[in-house]
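Input: a single structure, listed below in C-alpha cells.
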Amino acid sequence: MRTVLITGSAVAVLVAAGAITYAVAGEGDDAPVAVPSADSADAGFARDMAVHHQQAVEMSYIVRDRTKDADVRRLAYDIAQTQANQRGMLLGWLDLWGLPKVSADPPMTWMGMGGMASGKDGSLMPGMATNTELKKLGTLNGRQAEVFYLQLMTDHHKGGIHMAEGCVAKCTVGVEKSLAQGMVDAQQSELTAMAQMLKERGARPRD
C-alpha cells in the first residue's frame, strides 16, 4: 500500500503542476495512451470513489471529536488522511483527462449496477451511511460513538472494496488499477482491525 501511495502522491503533484502527460496516467510507456471516455470504468470509478471517500473522511473527523480513545482516534486519522489523498488523486485524473466530475448516470453504472443503491437519505452507494446515521454519530460520545463509527466504517469499507475490485477488473489505466488494488488490500486489513476493536468493546459488525 505504501508503494501505491508514494507513486500516487508523485502523480498528484505533477498533475497540480500541469507537468504530467497522458502517457504517465496510463501504463507508464513513453507512447501516449487513449484518454478514457466519460462513460468508462476508469472515469466512473474515479467519480464514484471520490464521493465514497469523502463520506469516510467526514465520518472519521466526526468521531475524532466524540471520543478520547487513542486507538479509535488513530484509526480515524489514518482513514481520513489516506482517503482524502486518494480522493485528490482520483479527481486529479478526471481533470487530466478533461472529464466531468459528475455524471447524469446513477452511481455504479460503470459496474453494471446503476440501480443497486436507491440513494435514499443520502446513501448513494452500497456501504455508505445515511444522513440520519451521520447525524446520530454526531450526537454520540465515548464508547457509543466508537462502536457506531466502527460499524459504519465496516459497512463503508465493504462497499468500497466491492467498487475497488470492480476497477481492478474493468479499469484500463494501469496506475488507477494499482491504486484500486491498494485500496482493496488496505481496507481488508482495516476490516480485520475494526472487527477486533468492536469485539474489545463488546460489539460486532452490523448484519
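Every read-out reported here was derived from the displayed coordinates using simple, explicitly stated rules and does not represent laboratory data. Bear in mind that the values here come from a model prediction, so they are computed numbers and not experimental data. Ideal geometry is used to build each Cβ from the backbone, glycine not excepted, and the neighbour counts take in all protein chains shown.
Pairs meeting the criteria (first residue in segment 162-191 and assigned to a helix (DSSP H, G or I), second residue basic (Lys, Arg), beta carbons under 7 Å, at least 6 apart or on different chains) are CYS167/LYS177; VAL168/LYS177. I'd like the residue in segment 88-137 that is touching a Ser or Thr at 6+ places or on another chain (Cβ under 7 Å) and in a loop (DSSP other than H, G, I, E, B) and, out of all such residues, is surrounded by the fewest Cβ atoms within 10 Å (Cβ to Cβ). Per the criteria, the residue is THR130. Those residues that are among the hydroxyl-bearing types (Ser, Thr, Tyr) and farther than 16 Å from SER40 by Cβ, I need them from segment 89-139; list them, please. Scanning segment 89-139 gives SER118, SER123, THR130, THR132, THR139. With the condition kept exactly as written, say whether any residue in segment 147-160 is surrounded by fewer than 17 Cβ atoms within 10 Å (Cβ to Cβ) and outside any helix (DSSP H, G or I). Within segment 147-160, not a single residue is surrounded by fewer than 17 Cβ atoms within 10 Å (Cβ to Cβ) and outside any helix (DSSP H, G or I). Taking segment 75-101 as the range and being farther than 24 Å from MET153 by Cα and either free of Cβ contacts under 8 Å to residues at least 60 places away in the same chain or touching a His at 6+ places or on another chain (Cβ under 9 Å) (or both) as the test, the residues that pass are LEU94, LYS101.
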